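Worksheet: one structure, shown below.
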Amino acid sequence: MGPAHPATTGLLRLRRAVTMNASEFRRRGKEMVDYVADYLEGIEGRQVFPDVDPGYLRRLIPTTAPQEPETFEDIIKDVEKIIMPGVTHWHSPYFFAYFPTASSYPAMLADMLCGAIGCIGFSWAASPACTELETVMMDWLGKMLQLPEAFLAGEAGEGGGVIQGTASEATLVALLAARTKVTRRLQAASPELTQAAIMEKLVAYASDQAHSSVERAGLIGGVRLKAIPSDDKFAMRASALQEALERDKAAGLIPFFVVATLGTTSCCSFDNLLEVGPICHEEGLWLHVDAAYAGSAFICPEFRHLLNGVEFADSFNFNPHKWLLVNFDCSAMWVKKRTDLTGAFRLDPVYLRHSHQDSGLITDYRHWQLPLGRRFRSLKMWFVFRMYGVKGLQAYIRKHVQLSHAFEALVRQDTRFEICAEVTLGLVCFRLKGSNKLNEALLESINSAKKIHLVPCSLRDQFVLRFAICSRTVELAHVQRAWEHIQEMAAKVLRAPGEGKAEIKN
Ligand SMILES: Cc1ncc(COP(=O)(O)O)c(C=O)c1O
């Protein structure tokens, strides 16, 4: 045999250099698991919020990808050198910002398996296990929440659940499906009506406390969204919604969609579903319930009453990826009538068809969502639900709620502070009695010290600090330390010139 062609030799060398084979993957995988476990075990020792300035990372890495393969060792070294200094440690027990984002070892392991299987489960045939496990997991979860039977797929139900990427997508999908449904209904009654003429008059509604993703769904969906003034508990009530509906109908507009929020982002308030639901039902409006954060708590019988009224909803959504130990992304959405979604978004190119699609026995999730591609996300639910059990998950939720009440009690003992909204689950809204400026200074001093991390909200024009119980590993001692730190920072800002006693009396 003559010498190998230079191109072949080059290719072989390249393949040897770039391919991580199974035996190296085993070794590196174990190292990576150790790295991850060390990271999470030692996370408390890392500063919760990074010190870097904007653009820090660009200065640390080349401007183009390497021409020649690099080694795993070099990459992992750079993780500590380049990535970690710029990470906000969401799973630190000193992270109390936003809402929690879920993290658990079973979910991480399931995600690894999801990556390995690497299927794209847009239809049943594209990977039957991916589709079928999702349908069953959504039924399991629906039962954990005691959702009305109508939302479950069961053997032959009309409803069912789907995993969306985020609550924002779920709201958008619901709004688009509702838009299609009302348009078809109006056109069936008056065939001369154009879609444009209908769209111009459609109105959606949500409380003034709803998440910005609801307004965004309106923008993307090309329909007006009206904010309903919430009551003194930051809840949407029947009277305010009814008033808006009457006004808009009298003006020739067409109300079609209402979003009720259970557990608002600012202060975890709850729209009055038992009042709003019947109105939507009577008026023939699609009711979507967004319980992005709070939904996880409804697996506990003592919090289930907060979901009462969901029987009036057409769609319901919450994020197990926030508070149910299933790592991002996993946003659980149920509809009572799956044909509302599949009828609105169905397209059937030849290359996606399969022989079972019209059998009535299977689900093709591509018709339930915006993208075509979808990961095997139900594996994460399966692993987590089995390894924690419902009891373990309930205990986890309860612990967080107890910790938030412990924090609330600490705040109430200090007369310089006030609690700004009812504490129901794992979020406490509080502030120093005094001006917005004073509270902005307090938050600024807390976040620049970087011992804990908080974000603010605005409640009726008041600048308020939010303390959300977030980390899986947070304990009472962390909450107490955080409170002592907040008190120290408060003393500092109150001592600053121009602040002090006069402010507190305001
Ligand atoms: C009530 C509510 N709805 C929607 C969202 C948006 O969630 P996602 O990031 O899943 O779109 C949030 C985020 O915190 C939220 O609190």
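Every number in this text was worked out from the coordinates using simple rules, so none of it is lab data. All figures in this text were calculated on a predicted structure; none of them were measured in a lab. Cβ coordinates were reconstructed from backbone atoms using ideal geometry, including for glycine residues, and neighbour counts include every protein chain displayed.
Restrict the search to segment 223-279; then list the trypsin sites (Lys or Arg not before Pro) that DSSP places in a loop and that have at most 15 other Cβ atoms within 10 Å of their Cβ. Kindly include the intermediate steps, with their values, before the conclusion.
On the way: sites: R224, K226, K233, R237, R247, K249; in loops: K233, R237.
Listed in order of number, the matching sites are K233.
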Quiz item: Dipole magnitude of the chain about its Cα centre, charges +1 at Lys/Arg Cβ and -1 at Asp/Glu Cβ only, in debye to the nearest 20?
Solution: 620 debye
Quiz prompt | Hits among lysines - C-alpha to C-alpha of K380 under 17 Å, sequence gap 8 or more where chains match | solution = K322
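Pull out the extension gain between K77 and L372, defined as 0.36 nm times the separation in residues minus the alpha carbon to alpha carbon distance; nm, one decimal.
Values: separation 295, 0.36 × 295 = 106.20 nm, distance 3.64 nm.
Working it through step by step, the gained length comes to 102.6 nm.
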Quiz item: From the square roots a ≥ b ≥ c of the eigenvalues of the alpha-carbon gyration tensor of segment 209-367, which class results: rounded (a/c under 1.5), prolate (a/b over b/c), or oblate?
Solution: oblate
Quiz prompt | Within segment 444-494, GluC sites (Glu not before Pro) in DSSP loop having at most 16 other beta-carbon neighbours inside 10 Å | solution = E475
Self-check item: Under Karplus coefficients 6.51, -1.76 and 1.60, residue-wise ³J(HN,Hα) of segment 352-369 in Hz, glycine/proline x
Solution: 9, 6, 8, 6, 9, 5, 9, 6, x, 9, 10, 10, 10, 5, 4, 7, 9, 8
Quiz item: Nearest 0.05, what FRET efficiency do K451 and A197 give at R0 = 56 Å with Cβ-Cβ as r?
Solution: 0.45
Quiz item: Hey, fewest Cβ within 10 Å first, where do D38, D208, D461 land in order?
Solution: D461, D38, D208
Quiz item: Under the classification rounded if a/c is under 1.5, otherwise prolate if a/b is larger than b/c and oblate if not, where does segment 387-506 fall, given a ≥ b ≥ c as square roots of the Cα gyration tensor eigenvalues?
Solution: prolate
Quiz item: Using a Förster distance of 35 Å, how high is the FRET efficiency between L352 and D231, based on the Cβ-Cβ distance and rounded to 0.05?
Solution: 0.15
Self-check item: Potential lengthening between S458 and E311 on full extension [0.36 nm per residue; Cα-Cα distance subtracted]
Solution: 49.8 nm
Practice problem: Counting residues in segment 270-330 as N, plug N into 2.2 N^0.38 Å and put the Cα Rg over that result. | Solution: 1.19
Quiz item: What nm distance separates the two modelled labels at Q413 and F25, each placed 7 Å from Cα along Cα→Cβ?
Solution: 5.4 nm
Quiz item: Can you pick out the pairs among K226/K451; K249/K437; K399/K433; K143/K201; K143/K450 whose Cα atoms lie more than 31 Å from each other?
Solution: K226/K451; K249/K437; K143/K201; K143/K450
Self-check item: Anisotropy class of segment 105-162 from Cα gyration tensor, a/c 1.5 cut
Solution: oblate
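Which value in deg cm²/dmol, rounded to the nearest 500, describes the helix-derived mean residue ellipticity at 222 nm for the chain, given -39,500 (n - 2.57) per DSSP H run of n ≥ 4 and division by the residue count?
Numbers: 16 runs with 219 residues, N = 506.
For the chain, the value works out to -14000 deg cm²/dmol.
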Quiz item: Sorted from fewest to most neighbouring beta carbons within 10 Å, what does the list V173, V289, V259, V79 look like?
Solution: V79, V173, V289, V259
Quiz prompt | Estimated vicinal HN-Hα couplings, Hz - segment 457-465 in sequence order (Karplus 6.51, -1.76, 1.60; Gly, Pro = x) | solution = 8, 10, 10, 6, 6, 9, 7, 10, 8
Quiz item: Across segment 468-483, in residue order, what do the Karplus-derived ³J(HN,Hα) couplings come to in whole Hz, using 6.51 cos²θ - 1.76 cosθ + 1.60 with θ = phi - 60° and x for Gly and Pro?
Solution: 9, 6, 10, 6, 5, 9, 5, 10, 4, 4, 5, 5, 5, 4, 4, 5
Quiz item: Where a Cα-Cα gap under 20 Å defines reach, which aspartates and glutamates qualify for K233, not counting those fewer than 8 residues away within the same chain?
Solution: D208, E243, D271, E275, D290, E408, E418, E422, D461
Exercise. Between A250 and E283, with labels modelled 7 Å along Cα→Cβ, what's the label distance in nm to one decimal, could you check?
Key: 1.4 nm
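Out of every Cα pair in the chain, what percent are spaced more than 33 Å from each other?
On the way: 62237 of 127765 pairs.
The answer is 49 percent, as a whole percent.
Can you sort S239, S471, S207 from fewest to most other Cβ atoms within 10 Å of each residue's own Cβ? Walk me through the intermediate numbers first.
Working: S239 12, S471 23, S207 26.
The fewest-first ordering by Cβ neighbours comes to S239, S471, S207.
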Exercise. Amide H neighbours of A313 under 5 Å, at least 5 residues apart or on other chains, H built in the peptide plane: list them.
Key: none
Quiz item: Expressed as a whole number of Å, what is the distance separating the alpha-carbon centroids of segment 409-472 and segment 107-154?
Solution: 38 Å
